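The structure appears right after this line, and notes come after that.
Laboratory data are not the source of any read-out in this text; all were calculated from the coordinates shown. All of these numbers come straight from a predicted model, not from anything done at the bench. Cβ: placed from backbone, ideal geometry, glycine included. Neighbour counts: every protein chain shown.
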Amino acid sequence: MDTSDFRNGLSIIYDNDIWTIVDFQHVKPGKGGAFVRSKLKNLRTGSTVDKTWRAGEKMDQAILERKPMRYLYNQDDEYYLMDMDTFEQTTVPQSKIGSQSKYLKEDTDVQVVSHREEIIGVSVGDFAELEIVETDPGVRGDTASGGSKPATLAGGAVIQVPFFVNVGDKVKVDTRTDTYLERVK
């Protein structure tokens, strides 16, 4: 493929690593050849770089496979996942899951991203429904608009919740921003 095939979210191989195009811009200056400015995110490390390409420059596209799996349990920094089709178990280091590991609870479905059989990352999903395991008790008269307090969720995440939320309540959380969305019945 070449720079004319660029689009946001496309994965390429550059410098023997796998990168996703976060943003790009074709530039045609009045003088000289056209070029493409791009912002790339490394899928293994999470770092981002700015890269300028000559128009028509060629590179390899990284074909990523996304597969649903189920999180079973973790031991130390190893997370055990099971393929729901073959029931084969795979271990993944915590570094491949990152900060989203705090939203994992047993029997949670996750999305595994791999390239040539190498697991690059694990995504928990944009939203999670978890039970509150620790927070200060609510007081009579506390309302939805009255402020917030810290609460610990079943996976270990600590988020801010309204005063009326208590231990044992199930809440919906946006895992991208670590924010409380609503109480779930």
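Under a point-charge model restricted to the Cβ atoms of Lys and Arg (+1) and Asp and Glu (-1), what is the dipole moment magnitude of the chain relative to its Cα centre, in debye to the nearest 20?
Numbers: 24 positive and 30 negative charges, 200 e Å.
Approximately 960 debye in magnitude.
In the chain, once you exclude exposed GluC sites (Glu not before Pro) (DSSP loop, at most 10 other Cβ within 10 angstrom), what's the longest stretch remaining? My reading of the result: 1-87 is the longest stretch. Counting only DSSP H runs of at least 4 residues, each contributing -39500 (n - 2.57), and dividing by the residue count of the chain, the helix-based mean residue ellipticity at 222 nm comes to -500 deg cm²/dmol. Karplus-derived 3J(HN,Hα) values for segment 31-42, using 6.51 cos²θ - 1.76 cosθ + 1.60 with θ = phi - 60°, are 10, x, x, 6, 8, 10, 8, 9, 10, 10, 10, 6 Hz; glycine and proline are entered as x.
Modelled spin labels at ARG54 and ASP2, positioned 7 Å past Cα toward Cβ, are 1.1 nm from each other.
What net charge do the residues around ASP15 carry, taking every other residue with its C-beta under 13 Å from that of ASP15, with Lys and Arg at +1 and Asp and Glu at -1? Computed value for this residue: 0. Over the chain, the pair-distance histogram of Cα-Cα distances with 5 Å bins from zero comes to 1, 7, 14, 14, 12, 12, 11, 9, 8, 5, 4, 2, 1, 0, 0 percent, rounded to whole numbers.
The residue among VAL110, ILE18, THR86 whose Cα reaches farthest toward the positive pole of the charge dipole of the chain, with charges on the beta-carbon of Lys, Arg, Asp and Glu, is ILE18.
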